[in-house]
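Student: To start, I am sharing the structure in question, which I have written as C-alpha cells.
The values are calculated or read from the model by the stated rules, or taken from the named source; none is laboratory data. For clarity, every value in this text was computed on a predicted model and none was experimentally measured. Note that each Cβ is placed from the backbone with ideal geometry, even for glycine, and that neighbours are counted across all protein chains shown.
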Amino acid sequence: MKHFLEVLDELSRLNISFISFRENVDTDSALGRAMVIIVAAIAELERSLIVERVKAGMRRAKLEGRQIGRARLDVDREQVICDRRSGMSLTNVAKKHSISRASVCRLMKETCASRDPVPSACAGALAPQAHL
C-alpha cells in the first residue's frame, strides 16, 4: 500500500491523474483518492490475514508430524562423494545414483564447506597413485 501511495504522489507531482474507468475512480478528487486508500488498506489487510493463516496451517501440520516442503534426498552421500573424487564425471555419478548433476555439485560443495577431506567409506579407494 505504501508503495502504491508513493506512486500516486509521484504522479500528482508530475500533474498526471490516475483514472480507472472500470472501477470509476479518479484520484484528482478527494473522494477518489480516499477510495483508493480504503481499497489499498483492505487489500493489505486481506494479504496479512492470508499470511497468518498459511503460517498457522504450517505450524499445525508440523505439530502433527507432517512433512513440510519437499522430501529430503535419499541417497548415499558418501558414495556420491567417493565416486566423484575417484574421477567419475558429474553425469556418470548423477546417473549411477539417480540424482541430478546439480545435486552432485551441491553435495560436493557441502563436503568441501565442512572441511571433510575424504569420507571414511572411500579413504582406501583414493590412495595416491604414482604418475608415469
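Student: Enumerate the helices (runs of 4 or more DSSP H) found wholly within region 1-96, keeping only those where 3 or more residues are assigned by TED's automatic domain parsing to the domain that holds Leu107 and surrounded by 12 or more Cβ atoms within 10 Å (Cβ to Cβ). Please lay out each step first, then the result.
Tutor: Numbers: elements: 2-13, 30-63, 77-85.
Counting at least 3 such residues, we get 77-85.
Student: Additional query: Taking region 94-112 only, how many residues are touching a helix residue (DSSP H, G or I) at 6+ places or on another chain (Cβ under 8 Å) and closer than 16 Å to Asp74 by Cβ?
Tutor: Result for region 94-112: 8.
Student: Of the residues Val51, Val80, Val7, which is in contact (Cβ under 8 Å) with a residue 12 or more places away in the chain and at negative phi?
Tutor: Numbers: Val51 fails: in contact (Cβ under 8 Å) with a residue 12 or more places away in the chain; Val7 fails: in contact (Cβ under 8 Å) with a residue 12 or more places away in the chain.
That would be Val80, the only listed residue that is in contact (Cβ under 8 Å) with a residue 12 or more places away in the chain and at negative phi.
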